[in-house]
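Encoded as structure tokens, the structure appears first; notes follow it.
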Amino acid sequence: MLLPILLQGCLGGTGYRAYPRARTSVYTDIWNFSDHEIAADQVDVLYRRVARLMAITPNNSTPRPQVLVVSPAYIQEKYLTIHPLAAARNGTALAVYIPHQNQILIPDFDRTLLTHELAHYFTFHYLSIPRSGWEAIADQVVDAEEAGG
Ligand SMILES: [Zn+2]
């Protein structure tokens with residue numbers, strides 16, 4: 001998810017540690033580097049909602065997403081590694097899904113960011129859609145989630 005750099009200030013107040021607290025939820029593995037608690041059941045609720053909104057039935061043979069709660073600076077660094085051209089456009093990422101590592105990077109538990117990146121996870125594993133179509137799908141899922149769908 002891309003947003004103007006000014007919005008990064010909204011994430012103030014969260015600190016990050018060198019070592020994560022690892023949690024296993026029903027559907028995900030959570031590596032929380034932040035000093036905020038991340039409720040595993042809230043992540044699972046969102047996982048189920050996104051799957052339902054996308055009309056996807058998750059199966060056990062698909063790798064579980066790893067949810068990493070890491071600093072905005074780390075997310076930006078990873079994002080630029082994956083999308084080097086974004087640097088030239090001053091692209092800033094608040095969260096990112098890395099398909100080949102099956103990792104979702106978020107700075108804190110944030111419904112919108114996590115919904116968006118979970119949509120990418122499900123798109124990658126369950127739909128045959130070129131990367132250029134991913135953002136529109138994620139935006140639709142976020143809209144539907146926020147509308148209480
Ligand atoms: Zn996205």
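The values are calculated or read from the model by the stated rules, or taken from the named source; none is laboratory data. Because the structure is a prediction, the values reported are computed rather than measured. Every residue, glycine among them, receives a Cβ derived from its backbone with ideal geometry; neighbour counts consider all protein chains shown. Just so you know, the surface numbers come from the protein's heavy atoms only, side chains and all, with ligands and any DNA or RNA stripped out. Shrake-Rupley method; radii C 1.70, N 1.55, O 1.52, S 1.80 Å.
Look through Ala138, Ala144 and report the one residue that is in a helix (DSSP H, G or I), within 16 Å of the ligand (Cβ to nearest atom) and crowded, with 18+ Cβ neighbours inside 10 Å.
Values: Ala144 fails: crowded, with 18+ Cβ neighbours inside 10 Å.
It is Ala138.
List every residue pair whose Cβ atoms lie under 6 Å apart, where the two residues are 6 or more positions apart in sequence or sit on different chains, the first residue falls within region 62-81 and is farther than 16 Å from Thr123 by Cα, and the second residue, located anywhere, is open to solvent by 20 Å² or more (accessible area, probe 1.4 Å) and of a type in the set (Ser, Thr, Tyr).
Ser71/Tyr16
Across region 101-126, which residue is most open to solvent (accessible area, probe 1.4 Å) among those that are in a loop (DSSP other than H, G, I, E, B) and either within 11 Å of the ligand (Cβ to nearest atom) or in contact (Cβ under 8 Å) with a residue 24 or more places away in the chain (or both)? Break it down stepwise before answering.
Of all residues in region 101-126, those in a loop (DSSP other than H, G, I, E, B) come to 102, 107-110.
Restricting the remaining residues to those that are either within 11 Å of the ligand (Cβ to nearest atom) or in contact (Cβ under 8 Å) with a residue 24 or more places away in the chain (or both) gives 102, 107-109.
Working: Asn102: 17, Pro107: 1, Asp108: 31, Phe109: 48 Å².
Of everything passing the filter in region 101-126, Phe109 is most open to solvent (accessible area, probe 1.4 Å).
Just to be sure I understand, how many residues within region 52-72 are farther than 12 Å from Thr28 by Cβ, outside any loop (DSSP other than H, G, I, E, B) and open to solvent by less than 70 Å² (accessible area, probe 1.4 Å)?
Matching residues across region 52-72 total 2.
Residues in region 77-96: is at least one modelled with pLDDT of 95 or more, in contact with a strand residue (DSSP E or B) (Cβ under 6 Å, 6 or more places away or on another chain) and part of a strand (DSSP E or B)? Steps first, answer last, please.
The first filter runs over region 77-96 and keeps only residues modelled with pLDDT of 95 or more, leaving 95-96.
Next, only the ones that are in contact with a strand residue (DSSP E or B) (Cβ under 6 Å, 6 or more places away or on another chain) stay: 95-96.
Going one step further and asking which of them are part of a strand (DSSP E or B), we end up with 96.
Checked against the condition, which is being modelled with pLDDT of 95 or more, in contact with a strand residue (DSSP E or B) (Cβ under 6 Å, 6 or more places away or on another chain) and part of a strand (DSSP E or B), region 77-96 yields at least one hit.
Tyr79 passes all but one of (1) within 18 Å of Val43 (Cβ to Cβ); (2) of a type in the set (Phe, Trp, Tyr); (3) within 16 Å of the ligand (Cβ to nearest atom); which number fails?
Answer for Tyr79: the failing condition is (1).
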